[in-house]
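Here the structure is laid out as structure tokens; the discussion comes afterwards.
The values are calculated or read from the model by the stated rules, or taken from the named source; none is laboratory data. Being a predicted model, the structure only gives us computed values, none of them experimental. Reconstructed Cβ throughout: ideal geometry from the backbone, glycine too, with neighbour counts over all protein chains shown.
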Amino acid sequence: MTKSSTAAPEAKGAKGGKKKTAPSAPKGKGTVGTPGATVSKELARRAYRSMLEARLLEEKLAALYRSGKIVGGVFLGRGQEALSVALGVHLRRGDVYAPLIRDQAGRLAFGDTILDTLRTYLGSSLGSMRGRDGNIHRGRPSEGYHAMISHLGAMVSTVCGGLMAKRFRGETGAVGATCIGEGGTSTGSFHEGMNMAAVEKLPLVVVVANNQFSYSTPNDRQFACGDLMARAEGYGVTGRRAVGNDLVDCLAVLGEAVAAARAGKGPQLVVADLLRLVGHGEHDDASYIPSALKKSPLGRDCLEIARESLLEHEWLTAKEAADWHAAVEKEVEETASKVLREPAPDPSEEDWNAFSALGRNGEEAR
Ligand SMILES: Cc1ncc(C[n+]2csc(CCOP(=O)(O)OP(=O)(O)O)c2C)c(N)n1
Ligand SMILES: [Mg+2]
């Protein structure tokens, strides 16, 4: 697969920042939209930084995969970082978050680190998964960061479960969120989770990243309803639309969705159109995606749009953009070199047991 690497932005220098009103989301059938929603400079900068980290980290993961250093599949979120980060950045400690395979940006915004990501992919025993899982099935459930079971709808239910548990414990103010592909919305799991969330009026935010393909299956072979927004009405939840490759719009729409869920307004379904700019996984050359689609506005790179938009708003200077790029690149390279030298798990010391919380000698497993 040919894939250009993310070029370092040119440093040109620009002025300081100010607060701007985000563009309102384009209106479509059933759209609630976000007229007048504001996005702060600080939020936009944090989001852009996480997008940049995700992009450069994933480029490194792709290179490590191609050089045979990563065992198993590698699934990347190139082109989907704006939407992903916009969800992660609006969540806070105590919330429940279940990212999927294209959510490296959201994960970093939620508090995951470049170090732990590399430790997981490279099978280091020092990572949070202790070298037992190769890629995206990682999380810290006790911190509300769910480890992915499947990309195809299962996580809507686990987030609902986390929110129900909080309700039973009398905890208030938390939001639960997950992202899903448009293909995943065709599954029974998605339907059951959404329906339960609607009936229970859970503070759930489900973001549909409509990247036009489910692996190689195009949307006209995936659903017949024309517009996924129509599903919100069917479930009896609020529907919103975001421009999937526009960071400022995603931040505004997701900000409203998360705030509405937190304020007790029930489940929020956000639908965003975009294009993944890589294959389904690094084993896939994505040759089934028509070049006309790649050249359409949908195929524009969200990282470039975000950078241009932050420069235009004077929320970021060109020098900062270049410095951030260099700093993140350095961090990724140095962290990868360090993790490549870390120990793999030792099978003779493993105490993992699928059916018991007790270790080999009867002591509580870690
Ligand atoms: C039950 C099941 N069938 C097939 C797969 C393989 N699979 C994983 S993701 C995927 C496509 C998902 O498409 P979509 O939901 O649109 O998400 P995207 O990959 O586009 O982000 C497929 C076929 C699977 N993991 N589980
Ligand atoms: Mg898809």
- Item | region 63-114, residues that are out of contact with any His (no Cβ under 9 Å at 6 or more places or on another chain), over 22 Å from A306 (Cα atoms) and surrounded by 20 or more Cβ atoms within 10 Å (Cβ to Cβ) | I70, D95
- Message: For region 175-213, which positions are more than 16 Å from ligand 1 (Cβ to nearest atom) and in contact with a Pro (Cβ under 7 Å, 6 or more places away or on another chain)?
- Response: V175, G176, A197, A198, L202, L204
- Residue match in region 292-302 (condition: out of contact with any His (no Cβ under 7 Å at 6 or more places or on another chain), within 21 Å of L152 (Cβ to Cβ) and within 16 Å of ligand 1 (Cβ to nearest atom)): no
- Message: Being at pLDDT below 95, farther than 19 Å from L43 by Cα and not acidic (D, E): is that true of G68 here?
- Response: no
- Query: Restricting attention to region 274-297, and to residues there that are surrounded by 19 or more Cβ atoms within 10 Å (Cβ to Cβ) and in contact with a strand residue (DSSP E or B) (Cβ under 9 Å, 6 or more places away or on another chain), which single residue is nearest to R55 (Cα to Cα)?
  - Reply: R276
- Message: Restricting to region 298-332, name every residue that is among the polar types (S, T, N, Q) and surrounded by fewer than 20 Cβ atoms within 10 Å (Cβ to Cβ).
- Response: T317
